[in-house]
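The values are calculated or read from the model by the stated rules, or taken from the named source; none is laboratory data. Given the structure is predicted, the values throughout are model-derived calculations rather than measurements. Positions of Cβ are backbone-derived with ideal geometry, glycine not excepted, and every protein chain shown enters the neighbour counts. Protein only, heavy atoms only, side chains kept; ligands, DNA and RNA dropped before computing areas. Shrake-Rupley method; radii C 1.70, N 1.55, O 1.52, S 1.80 Å.
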Amino acid sequence: SVLFVNVRVSVTTVNDDLVKECLSVLYNCCICTEGVTKSLAARDDFVLFLFTLMTNKKTFLQTATLIEDILGVKKEMIQLEGIPNLSGLVQSFDQQQLANFCRILSVTISEPDVGNDDKHTLLAKNAQQKRIASPSRAEVNQVTLLNIPGFIERLCKLATRKVSEATGANFLQELEDWYTWLDNALVLDALMQMATEEAEQSSTGENESSLATSPLRHRLPQSMKIVHEIMYKVEVLYVLCVLLMGRQRNQVHKMLAEFRLIPGLNNLFDKLIWRKYTATNHVVHGQNENCDCSPEISFKIQFLRLLQSFSDHHENKYLLLNSQELNELSAISMKANIPEVEALVNTDRSLVCDGKKGLLTRLLTVMKREPPDSSFRFWQARAVESFLRGATSYADQMFLLKRGLLEHILFCIIDSGCTSRDVLQSYFDLLGELMKFNIDAFKRFNKYVNTPEKFQTFMTQINSSLVDSNMLVRCIVLSLDRFESQTEDVKVVEVLSECCLLSYMAKVENRLSFLFRLINIINVQTLTQENVSCLNTSLVILMLARRKAKLPFYLNALREKEYAEKYPGFLLNNFHNLLRFWQRHYLNKDKDSTCLENSSCIPFSYWKETVSVLLCSDRTSLCAIASYIDEPFMDLYRDLLED
């Protein structure tokens, strides 16, 4: 408390050096003495006061470091609207200060982590959402930021500004030397300031900086400038990514398009984001190239996350292409005699990428060069998949097929020896979006998977984890159903008869096998955002069966499976509970229901109707689950679903 008072008094009565000393003492107390940080965090008046010190450039770094430390342990998220003259404060920052301020903002606009794995279940999340007032503090803080004049525009400029670099042959070694001991952007700022002072003092012969004895002294500004800029961009891209995923998404999208974020990132792609290294076997930070503590790795991953958020279910995704590539999409639609997608027609050509390649095409190029188990493959696949998600576009699929994406994915799954479950899951999901309803894609698949051994390897990968591969299974089932209704098309008939994948799924015993396992690997207590897709895939199989009046056959097959396993009721009672949860979860979530409809091309009304039919309590109905559970085994798991 005494230190707090002294800091407040010193602001008006003593010089900046004393304020810096007070802040330094407070920061060291936080590090060295248990409980100090939490005590300071509990003082809302003190936390808000600290923000006022950020107006002074000489104390900015010390203040920002202390605020970041305090907010990291604060129980209740601070409300940005409570900061005195926040708009004026932010507008007073230079670009360097604004980038560092993004480190603080990231804590204030992100929803807090709900904790351990149990808390990540959909059951727990739904219960938590009922308890938490809406909108949350994070959502309120996002709106506060968006209302600051020029805020998003300045972030876009920070994210896309070029680095004036003239790197020598030893740049990569320099980079490694520096971030073995550089912690964060705030430390870099302090060192940059020291380097500047050193340069000024050297001209007068008064340089006593400790950096003067460093063997890297003369290379400091050049090396630091690049790492400095990379670390800034990580923070800025994170803030933009969070805002893109928030409730104000459309407003943020409009501003990011207007301020040309995507063309700017496209211009940085080769020179900064994915630079061509001269040493291909360079080791970062003493570990492999995917070391999480590398600023460059963090930068690339944050960039890919931003692309994923930007493209996902939004018409602005076409800004990732250049004008020539947009024309190519139009030509594909014209050749196939199908109308152009409305979003493509409405794309403002003045806001798309410049140069010979758009950002999506550049991403595909580097994606193919990644080592099999590279963690970048996961994020790259997610970013490309987001471009395809939503209502299926034949032109979008063909654009990527023409660039060899399907063959690359199949190589990764079948021939590369990739063992990473995360990478394989992302590739299965991407393959599903790429092939869905596209007869040309299935023809290409059959051309690549041209031996029984390759097909067996592919199916082994799928069957090894249905949680990872079920979206691809759903794609195959949906595509087969559509193709079977297009038998007047000679090309479709040819592929149907030749494609090993479609032939496999056409066998009812194989579809039933998938259905059994999809229902058996989940229950209401273990449902998460990751595995709820298994429930929806099982529903797709049954909806398509219902369309063909075969639902009773499938339900009876489930019953026979139970008795064969000598465990009557275990599948059907579990499925009944899952569907009860499905009703509660999806009937109150417009976004999720829209995604289900767009991804399956099955009206959501039919989803709801099918679930209602399956949950019907009338035991005389041949389409009701209850009709297939014998009385002694009825409602085995009723108590597991909390009302």
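Which residues, taken from segment 74-131, are open to solvent by 60 Å² or more (accessible area, probe 1.4 Å) and modelled with pLDDT of 80 or more?
Hits for segment 74-131 are K75, E76, Q79, E81, P84, N85, Q91, S92, Q96, E111.
I need the full set of residues from segment 500-531 which are polar (S, T, N, Q) and within 30 Å of E453 (Cβ to Cβ), in order please.
Across segment 500-531, the qualifying residues are S503, N510, S513, N520.
Would you please list the contacts, defined by Cβ atoms under 9 Å and residues six or more apart or on different chains, that run from a residue in segment 318-340 that is part of a helix (DSSP H, G or I) to a residue that is open to solvent by 50 Å² or more (accessible area, probe 1.4 Å) and among the aliphatic types (A, V, I, L, M)?
What qualifies is Y318/V341; L329/V341; S330/V345; I332/I338; S333/V341.
Going by the structure shown, is F51 of a type outside the set (G, A, S), modelled with pLDDT under 90, surrounded by 14 or more Cβ atoms within 10 Å (Cβ to Cβ) and closer than 19 Å to V19 by Cα? Explain how you work it out, then say what you get.
Working: of a type outside the set (G, A, S): yes; modelled with pLDDT under 90: no; surrounded by 14 or more Cβ atoms within 10 Å (Cβ to Cβ): yes; closer than 19 Å to V19 by Cα: yes.
Against the criterion (of a type outside the set (G, A, S), modelled with pLDDT under 90, surrounded by 14 or more Cβ atoms within 10 Å (Cβ to Cβ) and closer than 19 Å to V19 by Cα), F51 does not qualify.
Of all residues in segment 350-383, how many are open to solvent by 50 Å² or more (accessible area, probe 1.4 Å) and within 20 Å of D312 (Cα to Cα)?
Going through segment 350-383 one residue at a time, the tally reaches 1.
Has segment 256-270 got any residue that is at pLDDT 95 or above, over 30 Å from Q142 (Cα atoms) and out of contact with any strand residue (DSSP E or B) (no Cβ under 7 Å at 6 or more places or on another chain)?
Within segment 256-270, none of the residues are at pLDDT 95 or above, over 30 Å from Q142 (Cα atoms) and out of contact with any strand residue (DSSP E or B) (no Cβ under 7 Å at 6 or more places or on another chain).
Residues of segment 258-278 being over 16 Å from L237 (Cβ atoms) and either touching a residue at least 24 places away in the same chain (Cβ under 8 Å) or open to solvent by less than 10 Å² (accessible area, probe 1.4 Å) (or both), which ones?
The answer is E258, D270, K271, Y277, T278.
Looking at (1) under 30 Å from E484 (Cα atoms); (2) open to solvent by less than 70 Å² (accessible area, probe 1.4 Å); (3) not basic (K, R), can you tell me which one E560 breaks?
(2)
Conditions (1) within 18 Å of N337 (Cβ to Cβ); (2) small (G, A, S), marked per residue:
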| site | (1), (2) |
| --- | --- |
| M367 | no, no |
| P372 | no, no |
| S375 | no, yes |
| F378 | no, no |
| S386 | no, yes |
| D396 | yes, no |
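Consider segment 592-615. How many of its residues are over 19 Å from E385 (Cα atoms) and open to solvent by 50 Å² or more (accessible area, probe 1.4 Å)?
Of the residues in that region, 5 qualify.
Residues in segment 415-435 that are among the charged types (D, E, K, R) and open to solvent by less than 10 Å² (accessible area, probe 1.4 Å): how many?
Residues of segment 415-435 that are among the charged types (D, E, K, R), as a first pass: 415, 421-422, 429, 433.
Cutting the leftovers down to open to solvent by less than 10 Å² (accessible area, probe 1.4 Å) gives us none.
The number of residues fulfilling the criteria is 0.
Here are T347, T361: which of them is assigned to a loop (DSSP other than H, G, I, E, B), among the hydroxyl-bearing types (S, T, Y) and either in contact with a Cys (Cβ under 6 Å, 6 or more places away or on another chain) or modelled with pLDDT of 90 or more (or both)?
None of the other options fit; the residue is T347.
For segment 462-502, which residues satisfy the criterion of being without any contact (Cβ under 8 Å) to a residue 60 or more places away in the chain, open to solvent by less than 10 Å² (accessible area, probe 1.4 Å) and within 31 Å of the chain's Cα centre (by Cα)?
Selection gives I462, S469, L472, C475, I476, S479, L480, L501.
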